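The values are calculated or read from the model by the stated rules, or taken from the named source; none is laboratory data. The structure presented is a predicted model; accordingly, all values stated were derived computationally and were not measured. Positions of Cβ are generated from backbone atoms using ideal geometry, with glycine treated the same way; all protein chains shown enter the neighbour counts.
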Amino acid sequence: MRASFKVEPDPAAVRRPIGRADRLGVPPLLVGALALWVAGVTTPLLTVTKLFVWTDQIVIAQAIAQLIAEGETPIALVMILFTLVLPLAKLAATGAAYEALRRARSRAANRRLSWIERLGKWSMLDVFIVAVVVVVAKSGWQADASVEPGLWAFAGFAALSSLLAFRVRRLAARAES
């Protein structure tokens, strides 16, 4: 009769792809990015003053609702896709890839990372749409536009979500090596 021995890996020899700083830092940054996105979508991006008398505040969520109400559904759908759906999908894929890495599931992490790559090609269109709104608002002599906190929140979300995606990609590369 043969004795079977189960060999347990040495815990010191097992390499953890995610260090303490990433375990403690990435999840709050994901939540922070989501909070910046919410603030960017629901607070004013710009205040437009027309003919030095009338003022109007531009908020992404309200602008989408107004476009739908006015029958401009195709433009509203473009805004919904590029300012609501794709940025959140990229952030969700980043969070899912991080979680897969944390659980040492590199195959699942790589699937999520491929989604980040696909979405990353389109991720800056949200910033482009906001930039077009700013240029249009500032282009006429009869209107003046001033930047509001929502624009900074939205830009902060774009930067932070890109940095988080980059960091998770680096963690995945380190886990594979």
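Within the stretch 104-117, is there a residue that is at pLDDT below 90 and either closer than 20 Å to residue 43 by Cβ or not in a helix (DSSP H, G or I) (or both)? Yes, the stretch 104-117 contains at least one residue that is at pLDDT below 90 and either closer than 20 Å to residue 43 by Cβ or not in a helix (DSSP H, G or I) (or both). In the stretch 36-65, the qualifying residues are those that are in contact with a Gly (Cβ under 6 Å, 6 or more places away or on another chain) and in a helix (DSSP H, G or I), and the one that is surrounded by the most Cβ atoms within 10 Å (Cβ to Cβ) is 40. Is it the case that residue 86 is touching an Asp or Glu at 6+ places or on another chain (Cβ under 8 Å), part of a helix (DSSP H, G or I) and not small (Gly, Ala, Ser)? Spelling it out, residue 86 is indeed touching an Asp or Glu at 6+ places or on another chain (Cβ under 8 Å), part of a helix (DSSP H, G or I) and not small (Gly, Ala, Ser). Within the stretch 66-77, the presence of a residue that is assigned to a loop (DSSP other than H, G, I, E, B), among the hydroxyl-bearing types (Ser, Thr, Tyr) and modelled with pLDDT of 90 or more is excluded. Across the stretch 22-39, which residue is nearest to residue 163 (Cα to Cα) among those that are at pLDDT 95 or above and of a type in the set (Val, Ile, Thr)? Selected residue: 31.
Just to verify a result, which residue in the stretch 145-177, among those that are small (Gly, Ala, Ser) and out of contact with any Ser or Thr (no Cβ under 9 Å at 6 or more places or on another chain), is farthest from residue 59 (Cα to Cα)?
By that ranking, first place goes to 177.
Does residue 171 qualify as being modelled with pLDDT of 75 or more, within 12 Å of the chain's Cα centre (by Cα) and in a helix (DSSP H, G or I)?
no
Inspection of the stretch 104-120 finds a residue satisfying the criterion of being surrounded by fewer than 16 Cβ atoms within 10 Å (Cβ to Cβ) and of a type in the set (Asp, Glu). Cβ-Cβ contacts under 7 Å between residues 6 or more apart (or on different chains), taken from a first residue in the stretch 54-66 that is on the phi < 0 side of the Ramachandran plot to a second residue that is among the polar types (S, T, N, Q) and assigned to a strand (DSSP E or B), are listed as 55/47; 55/49; 57/47. When residues in the stretch 87-103 are screened for being surrounded by fewer than 19 Cβ atoms within 10 Å (Cβ to Cβ) and not charged (D, E, K, R), 4 of them pass. Inclusion of residue 69 among residues that are among the aliphatic types (A, V, I, L, M), free of Cβ contacts under 8 Å to residues at least 12 places away in the same chain and surrounded by fewer than 18 Cβ atoms within 10 Å (Cβ to Cβ) is warranted.
From 160, 125, which residue is modelled with pLDDT under 90, among the hydrophobic types (A, V, I, L, M, F, W, C) and on the phi < 0 side of the Ramachandran plot?
125
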